[in-house]
Amino acid sequence: MKLDGDFASVDFGEGTIRDGVNVSLVPAQIGNYVLVHAGYAIQIVDDAEARKTLEYWRQILTADPENRASYEQQLIGGLG
Amino acid sequence: MILEGYRDPVLAKKLRGEIERLAKTIGKHVILMHVCGSHEWTITHFGIRTLLPENVEVRAGPGCPVCVTPAADIDMAAELSLEGKTVLTYGDMSRAKGSTVSLSEARAQGGDVRIVYSVHDAVEIARANPKREHVFFAVGFETTAPPTAYEILQQPPPNLTFLTAYRYVPPAVEAVSNSPDLAVRGFINAGHASTVTGMKAYEHCFKMTRKSMVFAGFEPIDVLISIAMLLRQIANNDPKMENEYTRAVTWDGNVRAQAAMDKVFDRVDGYWRGVATIPGSGFQIRSEFAECDTRSRFGLKEASGEEQFVPEARCGEVILGKIEPPECPLYMKACTPATPKGPTMVSAEGTCKIWADHKILASMRCRV
């Protein structure tokens, strides 16, 4: 919402706005979602990824059995 | 942000169906474990255990920083406050007993103990009171260690030192997965801690144990997806490190936070109250910042491994996920949120406190 050096005002939703959240540990920019832990932003949260996860699972769980395997392939990341 | 989608009841029902299907394929009893108080809260609050098939069990592992803070460290903080130093700490930490008293009891005896929301508050209070010695009792995991590292690097006022009891989660997960008396098949890894360390911090553990792992967020749908992902791995007999919490966890994690931690702390062995001394799970302030370290400034020794819980209390087994709170003879009898006897009933991240707040009086464990 507002950025001043190491500190930012963060909108927590439901009418709560906190000033003085320390954002020095993340490359935050105005408009980013941040994960705040005890007064410090520890990560930027990726909105597009949040949508993607839901979308994949909605697709997988409503897919025909034959399409399902290809959706699952798309989802699986990480280290095998 | 579309977080409301992570509470979608329609998707929850579908995921439940998927979990049931996978559980049937597996057939055998499966124990999964999470290692974070916030996951326990989500699972208990949204009644996720009641949705699971009979052969799938989710247990709470060591994920509560207040619970695993050694009694000797609490004793040390209490003594410092009674010696006339101002001790600053988080609210939950002030109510956990050491071997005899908690910090709030030390305060009742005349010690100067103050509650802060963040380490930055501690810095400001110390700066505003330059004539008094201040000690920040710094507890938590790799989520709270980076902010303290940041403040130490910013040159805090000379009348503030740090009594650190930080613990590093990845070696603890490895220790629990090697535990012979608890056959955990898969781990729901802590999203917030992993957002700092990245998935890479668990690579060693995965390679050594080949246990399934999913890095998970904290909404109810996150937890259900993670359980489905773990069961899919188990059903396919194909253990992996998978990421459900892609919106916040990456392979490398928060590199800036890691750099701050590495500059300020050395990784040493750490004692987890009620658990064990776990190699590489402690944080010690490096010698170049010795003037910020309460122990070196005042010539105090690192706490040694002695678990002191009240007689009959089974906090240690609750912390390890070996038993559930109602199996402890004190749970909701002598030990309640109003009269906590052990740290697991004190902290908002403690399993006993979470179960008590949700009025759970009987075991939620599947018996087969």
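The values are calculated or read from the model by the stated rules, or taken from the named source; none is laboratory data. Keep in mind it's a predicted model, so treat the numbers as computed, not measured. Please note: Cβ atoms are built from the backbone with ideal geometry, for glycine as well, and neighbour counts cover all protein chains shown.
The residue that is nearest to A:Lys52 (Cα to Cα), among those in segment B:247-259 that are more than 21 Å from the chain's Cα centre (by Cα) and within 7 Å of another protein chain (Cβ to nearest Cβ), is B:Arg247.
Considering only residues that are more than 8 Å from chain A (Cβ to nearest Cβ) and in a strand (DSSP E or B), which ones fall in segment B:216-242? Once the filter is applied, which keeps residues that are more than 8 Å from chain A (Cβ to nearest Cβ) and in a strand (DSSP E or B), segment B:216-242 yields only B:Ala216. For the structure I just gave you, tell me whether A:Leu3 is of a type outside the set (S, T, N, Q), closer than 26 Å to B:Ala190 by Cα and either touching a residue at least 12 places away in the same chain (Cβ under 8 Å) or within 11 Å of chain B (Cβ to nearest Cβ) (or both). Here the answer is no, as A:Leu3 does not meet what is asked. Selection of first residues in segment A:25-40 that are within 7 Å of chain B (Cβ to nearest Cβ) and of second residues that are hydroxyl-bearing (Ser, Thr, Tyr) and assigned to a loop (DSSP other than H, G, I, E, B), restricted to Cβ pairs under 7 Å at least 6 apart or on distinct chains, gives the following pairs, ordered by first then second residue: A:His37/B:Thr143; A:His37/B:Thr144; A:Ala38/B:Tyr117; A:Ala38/B:Ser118; A:Ala38/B:Thr144; A:Gly39/B:Tyr117; A:Gly39/B:Ser118; A:Tyr40/B:Ser118. Counted as qualifying within segment B:1-106 are the strands (runs of 3 or more DSSP E) with 2 or more residues that are closer than 30 Å to B:Arg132 by Cβ, namely B:86-89.
Pairing each residue of segment B:54-78 that is at negative phi with any residue that is of a type in the set (Lys, Arg) and at pLDDT 95 or above, provided the two are 6+ apart or on different chains, yields C-beta distances under 7 Å for B:Asn55/B:Lys28; B:Val58/B:Arg49; B:Pro65/B:Arg167; B:Val68/B:Arg167.
I need the full set of residues from segment A:6-17 which are facing chain B (nearest Cβ under 10 Å) and touching a residue at least 12 places away in the same chain (Cβ under 8 Å), in order please.
A:Asp6, A:Phe7
Considering segment A:56-80, the residues that are at pLDDT 75 or above and surrounded by 15 or more Cβ atoms within 10 Å (Cβ to Cβ) include one that is nearest to the other protein chains (Cβ to nearest Cβ), namely A:Leu61. Return yes or no: is B:Ala193 more than 8 Å from chain A (Cβ to nearest Cβ), touching a residue at least 24 places away in the same chain (Cβ under 8 Å) and either more than 20 Å from A:Trp57 (Cα to Cα) or of a type in the set (S, T, N, Q) (or both)? Yes; evaluated as a whole, the condition is true for this residue.
Applying the selection to segment B:315-348, what residues are touching a residue at least 12 places away in the same chain (Cβ under 8 Å) and over 20 Å from the mean Cα position of the chain (by Cα)? Correct list: B:Pro326, B:Glu327, B:Cys328, B:Pro329, B:Leu330, B:Tyr331, B:Met332, B:Cys335, B:Thr336.
Might you check whether a residue that is of a type in the set (Val, Ile, Thr), farther than 23 Å from B:Gly17 by Cα and assigned to a helix (DSSP H, G or I) occurs anywhere in segment B:270-288? Looking through segment B:270-288, none of the residues is of a type in the set (Val, Ile, Thr), farther than 23 Å from B:Gly17 by Cα and assigned to a helix (DSSP H, G or I).
Of B:Thr344, B:Thr250, B:Thr339, all but one fail to be closer than 30 Å to A:Asp6 by Cα and not basic (Lys, Arg); the exception is B:Thr250.
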